Amino acid sequence: MKQSIVIEAPITDVFDCIAKAHLREKWFPNVTSIHYSNLKHESHPGASFQLTAVEEKEQVTLQGRNKQVTRPSFFAFELESQTYKMTFSYRLQHHANHTIIEQEFETTYFRPVMNMIDKLFKSSAKQSGEFVLNSLKGFCEARVRPE
């Protein structure tokens, strides 16, 4: 599913908010921590990390991996649990003094029946994607214009 949004912040600032673990954990919904196996490689393709989040009052740890990184225009990563794999990609374009960002995300369940159920509830997936993008937008814009 693809969605886009305009963020009133420079492209390099938006890219850093996505690519740097200590920033991503502050805006990505329900995330409490992101730890790369080697912090020096957090912006490199193939770098692995653990993401801890709260889902329905339970703490969940997901394995993650950067898929593709092209600073400052593209960042993609995947998260995997025992039941699903989620892939997120962010394409950034500089325009005047703001950034246009296109987010694409996909969830693949390891049980085929769950993939069918997921297709029936595309509207909830769309709302989740909008929530993630709006969280990123709010975080980036607050960093540029602190109150």
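The table below lists the values:
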{"item": "Q50 paired with S33, simple spin-label distance in nm, labels 7 Å along Cα-to-beta-carbon", "result": "0.8 nm"}
{"item": "Cα-projected label distance for K85 with K26, points at 7 Å along beta-carbon direction, nm", "result": "3.2 nm"}
{"item": "Accessible surface, the chain, averaged per residue in Å² (probe 1.4 Å)", "result": "60 Å²"}
{"item": "Apportionment of accessible area to carbon and sulfur, the chain, percent (1.4 Å)", "result": "51 percent"}
{"item": "Entries of K2/K40; K20/K40; K20/K137 with Cα pairs more than 19 Å apart", "result": "K2/K40"}
{"item": "Computed label-point distance, nm, for sites S135 and K67 using a 7 Å Cα→Cβ extension", "result": "1.9 nm"}
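The values are calculated or read from the model by the stated rules, or taken from the named source; none is laboratory data. Model, not experiment: these values are computed from the prediction. With ideal geometry, Cβ positions are generated from the backbone for all residues, glycine too; neighbour counts draw on all protein chains shown. For the accessible areas, the whole protein counts, side chains as well, though only heavy atoms, and no ligand, DNA or RNA atoms are used. Shrake-Rupley method; radii C 1.70, N 1.55, O 1.52, S 1.80 Å.
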